[in-house]
Each structure stands twice: as C-alpha cells, then as structure tokens.
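Just below is one structure, and these are the notes that go with it.
The values are calculated or read from the model by the stated rules, or taken from the named source; none is laboratory data. This structure is a prediction, so every number in the text was calculated from the model and none was measured. Here Cβ is always computed from backbone atoms with ideal geometry, including for glycine, and neighbour counts include all displayed protein chains.
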Amino acid sequence: MSRAVLSLGSNVGDRAANLRGALATLRAAGARVVAVSPVYATAPWGGVEQDDFLNAVVVVEDPASRPRDWLTRARAAESRAGRTRDVRWGPRTLDVDVLDVDGTISADPELTLPHPRAHERAFVLVPWLDVEPDAAVAGRGPVRDLLAALPASERDGVRRDATELSG
C-alpha cells in the first residue's frame, strides 16, 4: 500500500471548488482519500502581490502507486483546475504538492521527497498535524516540533477557515 501526504492550495477563482476538484480528481484516478484536514486561509509566499490562499492537507492511499504516480496525479488535478506556471510563487487556481510518500527520502530533481520546504511552512504543517498528529517529515523530525520551531508570526498566519471539504 502506498500512502502519500499531499498539500492543496488555491487562491484564484472559487478556491473551495478548486480544492474539492482536486479531491475528485484524486479519487477518479483510483486514490482512496484517507483523511482531509480542515481548510486554512493563509497569506501568499514569495513576494508576489495576490489574494490569500485556502490550504488543506490530504492523506491518500493506493495499493499500486509509486512516488512518481502521486506526482502525476497532482499535476492532473492542477491541469484540470486550469493551473498555469507563468510566475514563480504567483497566483494559482490549484497547487498540489507531494509532501511525503511512505517516508521516502529522494533527491530526484523532478520529485524531491520529502517536499524540500514542507518543514518550514506553517500552512503545510498545521493542517498536516490535524490529519496525522504523530506525523514526521523524513530526515527532519516530528511535524509538531518543526511547527513549534517556526516563528510565532508564521504560525499565527495560518487561520482556520469555515470552508468544508468532504473526506
């Protein structure tokens, strides 16, 4: 059984619908959605002027998937949502990042695992803790400790949103 942790984010259009669409695309590709975090609103990263994001983390499983299969599914969900990659850290209809696959550590330039910046982003760590309280970032340590090590301003910038996603 392959188990992956994915981060979902959207700040263009109907953000909630974009996140729900990602879940539908993952399911249509054969993934079993094990857990869906609450949705959080967060300010964008990277210095590009844009609207706030809605973010969530999902845990998915598939008995036949390999790490690269999760990347293919992530990109399919982004494509279905009309994602373009014009501006680094720019506005996105949907961003799906593969955070972890079975605790794998890989330096593959196309799919680095765990996600190379997951450990420094509260908008990833906060919802991840919601779905896996004992989670760890391979090679980095427990998600709880990584989150506690971030500046309070980073943690405080992750605000629970009323949006509901189906699990």
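Residues of segment 146-163 being over 15 Å from Pro44 (Cα atoms) and in contact with a helix residue (DSSP H, G or I) (Cβ under 8 Å, 6 or more places away or on another chain), which ones?
Listed by number, the residues that qualify are Leu146, Leu147, Leu150, Thr163.
Is there any pair linking a residue in segment 31-43 that is under 19 Å from Asp62 (Cα atoms) to one that is among the aliphatic types (A, V, I, L, M) and at pLDDT below 95, with Cβ under 6 Å and at least six apart or on different chains, and which?
Cβ pairs passing all conditions: Val36/Leu165.
Any chance you could count how many residues in segment 21-40 are in a helix (DSSP H, G or I) and under 12 Å from Ser7 (Cα atoms)?
2
Among (1) within 12 Å of the chain's Cα centre (by Cα); (2) closer than 25 Å to Pro142 by Cβ, which single condition is Leu94 missing?
Result: Leu94 fails condition (2) only.
Do the conditions hold for Val33, that is, is it surrounded by fewer than 20 Cβ atoms within 10 Å (Cβ to Cβ), modelled with pLDDT of 95 or more and within 29 Å of Gly141 (Cβ to Cβ)?
For Val33, the condition - surrounded by fewer than 20 Cβ atoms within 10 Å (Cβ to Cβ), modelled with pLDDT of 95 or more and within 29 Å of Gly141 (Cβ to Cβ) - is met.
Okay, residues lined up against (1) in contact with a strand residue (DSSP E or B) (Cβ under 9 Å, 6 or more places away or on another chain); (2) modelled with pLDDT of 95 or more; (3) over 17 Å from Ala35 (Cα atoms); (4) not charged (D, E, K, R):
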| site | (1), (2), (3), (4) |
| --- | --- |
| Ala118 | yes, yes, yes, yes |
| Val126 | yes, yes, no, yes |
| Ala136 | yes, yes, no, yes |
| Leu146 | yes, yes, yes, yes |
| Gly157 | yes, no, yes, yes |
| Leu165 | yes, no, no, yes |
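Has segment 91-110 got at least one residue that is surrounded by 18 or more Cβ atoms within 10 Å (Cβ to Cβ) and either aromatic (Phe, Trp, Tyr) or free of Cβ contacts under 8 Å to residues at least 40 places away in the same chain (or both)?
no
Scanning for something closer than 27 Å to Arg159 by Cβ and assigned to a helix (DSSP H, G or I), does segment 56-77 turn up at least one residue?
Checked segment 56-77: at least one residue is closer than 27 Å to Arg159 by Cβ and assigned to a helix (DSSP H, G or I).
Could you list, in sequence order, all residues of segment 134-153 that are out of contact with any Leu (no Cβ under 6 Å at 6 or more places or on another chain) and within 22 Å of Leu19 (Cβ to Cβ)?
Within segment 134-153, Ala135 is the sole residue that qualifies.
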